[in-house]
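Every number here is computed from the coordinates shown, using simple stated rules; none is lab data. Predicted, not measured: the structure shown is a model, and the values here were computed from it. A quick note on method: Cβ atoms are made from the backbone with ideal geometry, for glycine too, and the neighbour counts reach across all protein chains shown.
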């Protein structure tokens, strides 16, 4: 295990979790086995360049972020960018519905932080 392998593995795990995928689901999408994902995330198996590219695409993050290079994108930010691109495709009335839903989530979260429940 190298320090670099552990760092990349941790970022791969964070990106996978942010994408809402289990190790088994990620393995299936990549055409490999779950233990392979586990070994990579633990830093015990090196990630090949083509695999790194596949992970980045699947998790909607940049390869530079996975490698820990400066200028990389946080998976949460990248997920928000993907969502924004998808929202741009909606009709105006559908976008209004989504925005109202988002506002209701934020109101609920604010109320819960204050200890209030609806």
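Descriptive notes on the structure:
- Helix 49-59 axis, angle to the chain major axis (alpha carbon atoms, nearest 10°): 20 degrees
- For region 1-43: rounded, prolate or oblate by the Cα gyration tensor [a/c cutoff 1.5]: oblate
- Once the Cβ-Cβ distance of residue 25 and residue 98 is raised to the sixth power relative to R0 = 25 Å, the FRET efficiency obtained is 0.45.
- Global geometry of the chain, whether rounded, prolate or oblate, following the gyration tensor of its Cα atoms and the 1.5 cut on a/c: prolate
- Of 66, 87, 12, the one that fluctuates the most in a GNM where the chain has Cα springs shorter than 10 Å: 87
- Extended-chain gain in nm, criterion 0.36 nm per residue less alpha-carbon gap, residue 60 and residue 7: 17.3 nm
- Placing a label point 7 Å from the Cα of residue 80 along the Cα-to-Cβ direction, the residues of region 1-18 with a backbone N closer than 17 Å are 15, 18.
- Between the Cα long axis of helix 92-113 and the first principal axis of the chain there is an angle of about 80°, rounded to the nearest 10.
- Max mean-square fluctuation residue, GNM over the chain, Cα-Cα springs under 10 Å, options 84, 92, 15: 92
- FRET efficiency estimate (nearest 0.05) - Cβ-Cβ, residue 69 to residue 42, R0 25 angstrom: 0.70
- CD proxy at 222 nm, helix term only [per DSSP H run n ≥ 4: -39500 (n - 2.57); per residue of the chain; nearest 500]: -21500 deg cm²/dmol
- GNM flexibility winner over the chain from 28, 103, 89 (Cα, springs under 10 Å): 103
- Rounded to 10°, Cα long-axis angle of helix 3-18 versus longest principal axis of the chain: 30 degrees
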